[in-house]
Every structure is written in C-alpha cells, then in structure tokens.
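The structure appears below as structure tokens.
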Amino acid sequence: MIENVRNGMLPGLAGRFGVAGLVLGTALSLGGCESSARQDPYTKPTGACSFMAPTVSGARTYAPKGAAPDSAIAYPDPETPIYCDRPISESLMAAIELADYRKALQDADMFRLLQRNGPFTVFAIPNSPLEHYSTQFPGGILAPANAPALKSLLSYTIVEGNWPAPKIAKAIAHSPNGAFALPTIGGASIVATVEASSGQIVLSNGAGVVTRLWVTGAPQSNGTLYFVQSLLPPPAVHSTPASAPAGRR
C-alpha cells in the first residue's frame, strides 16, 4: 500500500463547482510555451473562491478520557478546502484524498512541475484507486524498480494548458466525430467524449479503459484541478482499472 500522508486543514470558505467535467490539454514539451519559473501566488489578487475537496478514504477514532461517552467515537476525515487563487501544488498538499498522488509525484520528482506558472490541467488520482493499482507491481509502484511505470502513469495525468470543463465541452461539440483528444505531457493522448445516456463528459485512454470525473474542474492560479473516479492508465500499460471511490460512480 502506498503511504497515506494525512495533511492538516486550513479554515476557508466552501463552495462547489459544476458537475460535468473533463480532461486534457495541449501537446507537451516542458520547455515550449510553459514557463519554467516557480509561481508566486502571493503576487496574484486574492479572492473568496474556494471549494471543499471530498474525502472518503480515511477514518479516525477518538476516545474521550474519563468523561462520557466512555466508548470510542469513529469519524471520517473531514473535507478540506482548496482555494482558487492558489497553485495546484498547494491544493495537492491540502487535499487528504490526494495524499498518495502527491507522494507519488514527489517520489518521481514531478511535484516541482506543478509549482510552476504553467498553466496545467491535472487529473489527480484519489488514494483508493492509486493504492489498488500499486498492488499490481512487485513491491508497489513506488519501489525504485518500478520508477518508469510510475513516471508513465503520472505523466498521463497532467496536460499542458488550462482546460476547464466548459472549454473541453465546447471542443467536443465542435469535433466532427464527437471526440476530443490531446496529448498529455507523457505524449499519450486522453480522449474526451460525451456519454449519450447522461450527457456527462467521460475520459478514455483509447484502449478500452474509461473513467468519469469526481471533482469536475477546480480553477487554480496555474491551471485546473480535477479528481478522477478511477485510475486511467496510459494506453501502453495493460492493467485493470481500479474501482471508483465509494458512492461516486
């Protein structure tokens, strides 16, 4: 199991974003249009925009000392606020549900990328699907021997450019075949389409694996952050997709 790193919470305003959402970005070459400078969010105007990042993977137990009730009380990890005027890197640090994803980025030396000006669109993998996927590799995907597979997976979650859900939906609508595909920073493409039965945008790796969005595009100071429901492996990686977080199918 990948190490679960639980972060502290900051007080903030709550607000939720849309419900249809999607993917991708524009081609890559981390040296092209994208700035290599580290973003300084404090130079940007502040605002009240925020939303509460959901949490389903953790639980804690509290046992009062010498006072009623005298039994242990179990409660889930609370939702954590993410602020629109902060960079994606800070939001990944704050979201309990993305603790494993953030740890994987740090181990692969890719976390620094999301501290830059970008912009980037990130399709972050929640704890449970990433932990399930990790078990398919000897020693776990964070083992040094599995570094190429880890980097390939993480590169497939990041797109260069800012792609909020309405922009993706518009691109799909203007596509003659109803599909919009752009390469991730790893070079492989994610394909976005609209599901006829629900009207929701879904993502595919082009090799038969599909996922939906759980958090459908939180604006960030250096791009857009999504949470996916289940892990979408790069098309070159043969694997069974992990289950979506409970109650989010």
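The values are calculated or read from the model by the stated rules, or taken from the named source; none is laboratory data. Only a predicted model underlies this, so the values are computations on that prediction, with no experimental measurement involved. When we count neighbours, we look across all protein chains shown, and the Cβ atoms used for this are built from the backbone with ideal geometry, even at glycine. We work out accessible area using only protein heavy atoms, side chains counted, and drop any ligands, DNA or RNA first. Shrake-Rupley method; radii C 1.70, N 1.55, O 1.52, S 1.80 Å.
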Options 165, 192, 179, 173: the member that is of a type in the set (Gly, Ala, Ser) and either open to solvent by 50 Å² or more (accessible area, probe 1.4 Å) or out of contact with any strand residue (DSSP E or B) (no Cβ under 7 Å at 6 or more places or on another chain) (or both): 173
Within the stretch 210-231, considering residues that are out of contact with any Phe, Trp or Tyr (no Cβ under 8 Å at 6 or more places or on another chain) and β-branched (Val, Ile, Thr), the one least open to solvent (accessible area, probe 1.4 Å): 211
Test: residue in the stretch 85-107 that is at pLDDT 90 or above, assigned to a strand (DSSP E or B), open to solvent by less than 10 Å² (accessible area, probe 1.4 Å) and closer than 21 Å to residue 231 by Cα: no
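Please enumerate the residues belonging to the stretch 221-237 that are touching a Leu at 6+ places or on another chain (Cβ under 9 Å) and either closer than 15 Å to residue 164 by Cα or outside any loop (DSSP other than H, G, I, E, B) (or both).
Result: 222, 223, 225, 226, 227, 228.
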Residue list for the stretch 116-130, filter: outside any strand (DSSP E or B) and more than 15 Å from residue 98 (Cβ to Cβ): 119
In the stretch 109-139, the residues that are small (Gly, Ala, Ser) and surrounded by fewer than 19 Cβ atoms within 10 Å (Cβ to Cβ): 139
Conditions (1) in contact with a helix residue (DSSP H, G or I) (Cβ under 6 Å, 6 or more places away or on another chain); (2) assigned to a loop (DSSP other than H, G, I, E, B); (3) surrounded by 21 or more Cβ atoms within 10 Å (Cβ to Cβ): number failed by residue 142: (3)
Check on residue 193, farther than 22 Å from residue 102 by Cα, outside any loop (DSSP other than H, G, I, E, B) and hydroxyl-bearing (Ser, Thr, Tyr): yes
